[in-house]
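To start, the structure under review is shown below, and the notes come after it.
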Amino acid sequence: MRELRLHGRGGQGTVIASKLLAVALFLEGREVQSFPMFGVERRGSPVTAFLRVDDQPLKLRCEIQAPDELIVLDPTLIGTTDITTGLKPGGRILINTELAPEDFPQLLERAHVSTIDATGIAVRHGLGGRAQPIVNTAILGAYAADTGSITVASMINAIKEEVPIQIDANIAAAKEAMSAVRHAPMGSTAEVTRV
Amino acid sequence: MSQVRIDKRIPQGKLVASGHLACPGCAAPLAMKLALNTLGSNTIVVMPASCFTIIAGPWPQSSLQVPVFHTAFATGPAVASGVRAALDQQGKHDTTVLVWVGDGGTFDIGLQSLSGAAERNENIIYVCYDNEAYMNTGIQRSSATPWGAWTTTTPAQFPEASPKKDMLAIMAAHNIPYAATATAAYPVDFVEKVQKAKAMRGTRFIHLLSPCPPGWKCGDDEGLELARMAVQSRVFPMLEVEHGQRWRLTMYHVGESVEPYLRRQGRFRHLSAEQVAHIQAGIDARWAQLVKRVEADSLVGV
Amino acid sequence: MKKVMVGNHAVAWGVRLARVEVISAYPITPQTQVVEKLSEMCADGTLPARFIKVESEHSAMAAVIGASAAGVRAFTASSSHGLLYMHEMLHWAGGSRLPIVMVNVNRSVGAPWNIWTDQNDSLSQRDTGWVQLYCETNQEVVDTTIVAFKLAESLNVPVMLMLDGFYLSHTAEPVDVPDQELVDRFLPKRVATYKLDTEQPHAFGALVKPDAYMEMRWMQQEAFRQVPEALAGIEQDWARMFGRSYGAIESYRADDAELLLVTSGTVTSTARAVVDARRGNGEKIGLLKIKMFRPFPTALVRDALRGVPRVAVLDRNVSPGHGGIFAEELRSALYDLPDAERPELFGFVLGLGGRDITPAVIDEIIEQTRAGTVPSREDLWVGVNP
Amino acid sequence: MSESMPTTPGPHAVPQVAMSTMSTLATRTGSWKYQRPVYHDRVAPCNARCPVGIDIEGYLNLLREGRVDEARDLLLQENPLPAVTGRVCHHPCENSCNRRALDGAVAIHAVERMMGDLAHQRPAPVFKGTPRAERVAVVGSGPAGLACAYHLARFGYGVTVYEAAPEAGGMLRLGIPEYRLPRDVLDRDIARVTAHGVEIKCGVKVGTDVPWSELTSAYEAVCISTGAHTSRALDVPGENLPGVRPGLAFLRDVNSGLRPSLGERVVVVGGGNTAMDCARSAMRLGAKVTVAYRRTREQMPAIKEEIEDAMREGAEFVFLANPVEFREQGGRVHAMVCERMALGEPDASGRRRPVPTGETFVIEADTVLTAIGESAALQNFFTDVEGSDAGLRVDALGGTSRNLLYAGGDVTDLERTVADALGAGKRAAIGIDRHLRHHAGDTAELNALRFADGNLSAARWTGRDPVRRTAPVNDVVTPDDVNYTQFRRAPRHGDPHLPSAAAVQSFDEVNPGMPEAVAMEEAKRCLNCGVCIECDVCMIFCPDAAITRTDGGAYVIAMDYCKGCGICAAECPRGAITMTQDRP
């Protein structure tokens, strides 16, 4: 069983991203369970969503305290909240940012880090407004490529099911993200990346 | 012919049976008789708690020879909405749904539900038979109780201190297709309003002044005459409002002094001359306001 | 067809498949998505029902009462304060013997405000004459919504179906959506035993004097007595057609268990994981899930618990001044078992107002039960920092 | 109840839900009542106050229903001269009409006139009662005599009327000017009487041309209706001057076709109908007329319309003026001295008594016509018949103190109006009939023939009353008994008038009469006081749905359900339902 936690802000589509991933993984034959942090969500406030994935039917119905993976939809959250709370050692972090994984040396000390400029991709494909780009399909593409757990076909079918507007643009964004994701394994040093 | 010959204009029928449990002289079953015989047997009545809960007869009897659903106090319009929806789903669009409620169920506890149904313009006819207090429980004040009236919760030393809620204006403000006042004491006027309402769709509201001899402390045979006095003294003007816009008086109002109307009812016996004058002044002011509205709206209607 | 969906949408799918004809509901967190999804279905024609968008829950229940009385299949959904606001009309529906189905998304009750789950809202409605079924998964929600109509209409009793707020309502998971054709065969169009009908005019619900009121209540009780058997039969049909069933109660790995956890709702799932882990360690620990709270399946739980040495009841609810409500009902159900067969019963109050129930919490309960450190007549509040 | 609906076993057989299976007819709520409604037809005030004893409400009701010929026949059962009374009656019916409290009395007078004229155009079949062997003599062919003869003829008797004048009609012909009562109208009404087989011998004065004893021997009964023809004297100086003459004599001249010379200024003394007739006739002869009356206008006994017409036509009125002397000049009256009066305490008639003030004034006059009342010149028909200056004394059936001698009209000491005369004639006819049939009825039986305390009904006496009354009671409906709210306001139709300037130029009839269609509408204004006309108000308003109608139209009150609220009685437009105590 893998447990994911997604960090975003209200209005960014964090919960939908979780659901999108769940559907794509479900189409890959996995058992999934996607849920938001239960609470009162307001536009702009930090939002958390969760995802459980397993090959067996899922039994646990409690919050995820120790996720295996993190997805950060808004990099500004990294400075304001401790997004890594409970993250299992050796876990994975996928960040929506123009920066390279190596630009997050503290994170690399305890996890594998991948980055994707999902915002840039979303803007290029006309998804959402410039102030509020809809990044979840780009995140999906990046996650699919980064983990290798989702095929292009499942990714496309999940988009068709869950994001039934601007389907072509969303698919194009996801595909672009697949090739744009950058990855650095845990332990990659900051010094190297800074050079 | 100078007698208002009503025999030809009042539909006869047997949709209200004798043996019902209204007090002698109660105007409510008379109004029900007029309404049901006008609407016909293809009618379903929704009846929230009120005197009529008892009047309609204890199980296994029913004085109404149409289907009746008895329901809790606040729920008349909501239950009727459900009945309407179910009938429509069954293709029974011609069946009339009639909500029959007292003043407490309309002015007070049921107002929210009524407002909701009116706002949705539910296809129902709503008749509030207003006897101006909670009579079923033994004459307690409601927001339909007029200023100065005695009830068991507004004793004569400290009678009702608020003026009666203007229910017609409230309903008219919902811009429903039809809102009207009536009384069984003018049966032709009432029947014509029911006929008019029946011919329309959407929420239709009729506010009936319904004298209650025990509650008003008058003779059993005096209620209807009192209702006419209420109309002729402009305490309870006969009105019609269509789509919240066109206000119309449906009969000539003599404008008699209110004093004889008050003096014939024990519930007003304690009133001083000054208090009667205060009531008269209120009636005159409201009438002046009403006349303006009627005139203004008749211009709009041209 | 399998779809990933949240519990609230599972409700909507159940309603759609049951071909409900009239819906009336009022939004409230965490039920709102039910209202939204059903509005969507009614708007796009996939559910040709009339949706009466009322101004309050009291009116919502009143409206479905009216619709059901007029002979059609009617549905509503609410939660917490909304359910409580319906209280008067829940009685009216029960007393009118109308086969209404409603969903209550379990949420705690204020004050203070709290939108997260516990069962105090629905359990406080236990005496209103409604069958109460608590669901564990979204699949169970879809299936039970349809089953509930069949049960309701076979005995003229209203059925209330519960799912935990957020833990099911907002949690997306795969659901096998039953085939409409099969559902239609399972649940044909409602034929009302009696209804408002201008061809056969009757009055319903008039004043009934003491000489007959009690008989009517007795008949209601009789109907409730028949519910477990009826539900079993209906579920058999369901299982034959769809391959799934749930039961009024479910024993999980309970054979030879020395300690049984008793749960309802989503805690059951987490408890299953704990039981699996303990069994993996060779510990004789099992689980009893209670799905049906009203009528209380007394005979079934007596059979399931007879002779089990220790039982831990997990109550996500509390009756102030007494204790966990399931525990109370169980004590009552087991009271007259012979001493040798009567389990030692420990009550735990936990998870109120949405407090998370993790495997660790359940582990602690198991340990305390084993140790017997819980007073037998007083339920332990788990995780409370006084 | 659906068969599939389970019920509890045992004696209750209660269904699972509270579904009704029967109506409330099983609940006998009639046991609640302490009083019960009873349909009682009562007496309309017009009927009670009509001196003729016409069933006014009855024929108006028939008119309302469009049964015009039946209405005419009902009217003619009581009144032989409707075209006459429709013109000259003082109509107490209208004065008592309960509709006054709403929007003005029904113009019964005008409707009756229309009916009288209609009966000329479309005569009623002559009714012949079973012929009787007895014969009756009537002395005088005024309204009393004609009425007595008419009714007796209809009862089956042979009747001979002796009239001293050359033509029949008595005071109708000699006292009432043509502009009020055209002669052809009178002739046609009298023709109705003769059509019934009544023989009228004109120019025969009983006592002179025929001895009284011949009458009493030749006829089984005699009715005296010779009228009152002697004008009362003023008893003031100068009363015998030329130019001062009794008004009645003046009218007799005018009505006989003479046109006496009056001079320029005429003063009429008096306030009754004779005074008005004198004034208006004098104006038609070109005189300028002043009416002097010792009381005020409100107290004038003349018919209101007559006063109005006289004023409209130009007569001047001087009230509170009492003649005390006539002054002479050139051998003829020249002026009338009056004493100014003031109103004092009420007298026996209930009117305030005029009292002298001592102040006098003078009215110049070329002719003075006195009209302060008439007396019957009792000619000592029979010495043993009781009477006084006021006239013969008669009992309730017109009987005098002498057996088989009856009397009616102005010759008696009763009210002196045309209508009273017609009523008295009818009473005498019934009295004679009872006597000759040896019918021994008591007072109660007699009262049952009356409209309340009003006159007797010939229709009731003969058992030919076409009006079916439900449990009749003989009390009069008062305004309190009428539910005016059940009536729409419908203003009274007025009488048309010739323009006064033209009217005063001739003796043509002043009032051309209400057009038939208008009169028919006016008839419908009748409230039908006290008489159920099956208007359904009771049935419609019964809150307990306890009143139904049989196929025959009668109302039936289901006493099992009537709670005795009294709404039916209160709402009945016309007071035809009364509440009675249900339990002792």
Any residue that is part of a strand (DSSP E or B) and either more than 22 Å from C:ASP276 (Cβ to Cβ) or touching a residue at least 12 places away in the same chain (Cβ under 8 Å) (or both) - is there at least one of those in the range A:98-106?
no
When the range D:383-422 is checked residue by residue, the ones that are at positive phi and of a type in the set (Asp, Glu) are none
Out of everything in the range C:241-267 that is among the β-branched types (Val, Ile, Thr) and away from chain A (no Cβ under 14 Å), what residue ends up being most open to solvent (accessible area, probe 1.4 Å)?
C:ILE249
When you go through D:ASP395, D:ASP410 one by one, which is the residue that is open to solvent by 50 Å² or more (accessible area, probe 1.4 Å) and among the acidic types (Asp, Glu)?
D:ASP395
Of the residues in the range C:191-230 that are open to solvent by 90 Å² or more (accessible area, probe 1.4 Å) and part of a loop (DSSP other than H, G, I, E, B), the one that is nearest to C:ILE249 (Cα to Cα) is C:VAL191
Residues to consider are D:MET283, D:MET311; find the one that is open to solvent by 10 Å² or more (accessible area, probe 1.4 Å), without any contact (Cβ under 8 Å) to a residue 12 or more places away in the chain, under 17 Å from D:ALA503 (Cβ atoms) and of a type in the set (A, V, I, L, M, F, W, C).
D:MET311
Which condition does A:LEU4 not pass, out of (1) over 22 Å from A:ASP103 (Cβ atoms); (2) open to solvent by 20 Å² or more (accessible area, probe 1.4 Å); (3) more than 12 Å from chain C (Cβ to nearest Cβ), if it passes all the others?
(2)
I'm checking my understanding of the structure. Among residues of the range D:451-476 that are aliphatic (A, V, I, L, M) and within 17 Å of D:GLN77 (Cα to Cα), which one is surrounded by the most Cβ atoms within 10 Å (Cβ to Cβ)?
D:ALA458
Tabulated pairs, the range D:99-116, first over 14 Å from D:CYS89 (Cα atoms), second open to solvent by 20 Å² or more (accessible area, probe 1.4 Å) and in a helix (DSSP H, G or I), C-beta under 7 angstrom, 6+ apart or interchain
D:ALA101/D:PRO479; D:ALA101/D:TYR484; D:LEU102/D:TYR484
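Given the residues B:GLN12, B:GLN61, which is the only one that is within 30 Å of D:LYS33 (Cβ to Cβ) and at the interface with chain C (Cβ under 8 Å from one of its Cβ atoms)?
Values: B:GLN12 fails: at the interface with chain C (Cβ under 8 Å from one of its Cβ atoms).
Answer to the selection: B:GLN61.
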When residues of the range D:79-130 are limited to those that are charged (D, E, K, R) and exposed (fewer than 15 other Cβ atoms within 10 Å of the Cβ), the one farthest from D:CYS529 (Cα to Cα):
D:LYS128
Residues to consider are D:ARG492, D:ARG525, D:ARG488; find the one that is among the basic types (Lys, Arg), in contact (Cβ under 8 Å) with a residue 12 or more places away in the chain and more than 30 Å from D:ARG183 (Cβ to Cβ).
D:ARG525
Out of the residues in the range C:19-37 meeting the condition of being closer than 19 Å to C:THR144 by Cβ and within 14 Å of chain B (Cβ to nearest Cβ), tell me which one is most open to solvent (accessible area, probe 1.4 Å).
C:ARG19
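Listed here are the residues, each with its yes/no results for (1) surrounded by fewer than 17 Cβ atoms within 10 Å (Cβ to Cβ); (2) within 14 Å of chain B (Cβ to nearest Cβ); (3) not in a loop (DSSP other than H, G, I, E, B).
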site: D:MET5; (1), (2), (3): yes, yes, no
site: D:PRO9; (1), (2), (3): yes, no, no
site: D:ALA13; (1), (2), (3): yes, yes, no
site: D:LEU63; (1), (2), (3): no, yes, yes
site: D:ALA71; (1), (2), (3): no, no, yes
site: D:GLN77; (1), (2), (3): no, no, yes
Given (1) without any contact (Cβ under 8 Å) to a residue 40 or more places away in the chain; (2) buried (at least 18 other Cβ atoms within 10 Å of the Cβ); (3) more than 11 Å from chain C (Cβ to nearest Cβ), index of the condition A:THR48 fails:
(1)
Identify all residues within the range B:28-57 that are within 7 Å of another protein chain (Cβ to nearest Cβ) and either open to solvent by 10 Å² or more (accessible area, probe 1.4 Å) or assigned to a helix (DSSP H, G or I) (or both); write none if there are none.
B:PRO29, B:LEU30, B:LYS33, B:SER41, B:ASN42, B:THR53, B:ILE54
Within the range D:245-280, take every residue that is in a strand (DSSP E or B) and in contact with a Lys or Arg (Cβ under 9 Å, 6 or more places away or on another chain) and give me the one that is surrounded by the fewest Cβ atoms within 10 Å (Cβ to Cβ).
D:ARG265
Within the range B:167-175, is even one residue within 14 Å of chain C (Cβ to nearest Cβ) and open to solvent by 10 Å² or more (accessible area, probe 1.4 Å)?
yes
Selection from the range B:58-91 of residues among the small types (Gly, Ala, Ser), surrounded by 23 or more Cβ atoms within 10 Å (Cβ to Cβ) and within 19 Å of C:TRP92 (Cβ to Cβ) yields B:SER62, B:ALA74, B:GLY76, B:ALA78, B:ALA80, B:SER81, B:GLY82, B:ALA85, B:ALA86
Among the residues in the range D:168-181, are any touching a Pro at 6+ places or on another chain (Cβ under 9 Å), surrounded by 18 or more Cβ atoms within 10 Å (Cβ to Cβ) and of a type in the set (Gly, Ala, Ser)?
yes
Considering every residue within the range D:39-59, establish whether at least one is surrounded by fewer than 20 Cβ atoms within 10 Å (Cβ to Cβ), basic (Lys, Arg) and out of contact with any strand residue (DSSP E or B) (no Cβ under 8 Å at 6 or more places or on another chain).
no
Assess whether D:ARG351 counts as being in contact with a helix residue (DSSP H, G or I) (Cβ under 6 Å, 6 or more places away or on another chain), surrounded by fewer than 18 Cβ atoms within 10 Å (Cβ to Cβ), over 24 Å from D:VAL159 (Cβ atoms) and of a type in the set (Lys, Arg).
yes
Restricting attention to the range B:113-130, which residues are open to solvent by 10 Å² or more (accessible area, probe 1.4 Å) and either more than 10 Å from chain C (Cβ to nearest Cβ) or modelled with pLDDT under 95 (or both)?
B:ASN121, B:ASN123
Give the residues of the range B:92-106 that are surrounded by fewer than 24 Cβ atoms within 10 Å (Cβ to Cβ) and either more than 14 Å from chain C (Cβ to nearest Cβ) or without any contact (Cβ under 8 Å) to a residue 40 or more places away in the chain (or both), sorted by residue number.
B:LYS92, B:HIS93
Would you call C:LEU98 crowded, with 24+ Cβ neighbours inside 10 Å and under 14 Å from the mean Cα position of the chain (by Cα)?
no
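One line per residue, one yes/no per condition, for (1) over 27 Å from D:VAL476 (Cβ atoms); (2) surrounded by 15 or more Cβ atoms within 10 Å (Cβ to Cβ):
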{"position": "D:ALA517", "(1), (2)": "yes, no"}
{"position": "D:CYS535", "(1), (2)": "no, yes"}
{"position": "D:MET539", "(1), (2)": "no, yes"}
{"position": "D:THR548", "(1), (2)": "yes, yes"}
{"position": "D:ILE557", "(1), (2)": "no, yes"}
{"position": "D:GLY566", "(1), (2)": "no, yes"}
{"position": "D:ARG574", "(1), (2)": "no, yes"}
{"position": "D:MET579", "(1), (2)": "no, yes"}
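The values are calculated or read from the model by the stated rules, or taken from the named source; none is laboratory data. Not measured: the values here are computed from a predicted model. Note that each Cβ is placed from the backbone with ideal geometry, even for glycine, and that neighbours are counted across all protein chains shown. These accessible areas exclude ligands, DNA and RNA; they are computed on the full protein's heavy atoms, side chains included. Shrake-Rupley method; radii C 1.70, N 1.55, O 1.52, S 1.80 Å.
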